[in-house]
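These notes concern the structure reproduced below.
Read-outs throughout are calculated quantities, based only on the coordinates presented, and are distinct from any laboratory measurement. What you see is a predicted model, and the numbers here were worked out from it, not measured in a lab. Here the Cβ is made from the backbone with ideal geometry for all residues, glycine too, and neighbour counts use every protein chain on show.
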Amino acid sequence: MNTALPATSSEDASVTPRRYDPLLHFLYFRGAGIVHFISCRTRPAGIALMVVVTLAACLGLGHEKSSVYQLFSLSFGMMLVS
């Protein structure tokens, strides 16, 4: 059984890096830095509080008579005090 790979052309041999590779590296580098900064300085309860604030802010958009704003206000106030 012949399991040889097919021959490649000269175009395939000279692979150039894509334009978005430096952008992806930059975004990954910054994202990893932010995650490291947050994980070193906050406890799991603080991370949970940030998730609650973010979720309440997203759910409260566009609702004028919603009680979600109370949850947002309480959790945001707790985060400011801490």
Query raised in the report: How many nm is it between the label spots at residue 36 and residue 58, if each spot is 7 Å from the Cα in line with the beta carbon?
Result: 2.7
Query raised in the report: Among rounded, prolate and oblate, which fits region 32-82 when a ≥ b ≥ c are the square roots of the eigenvalues of its C-alpha gyration tensor, a/c under 1.5 means rounded, and a/b larger than b/c means prolate?
Result: prolate
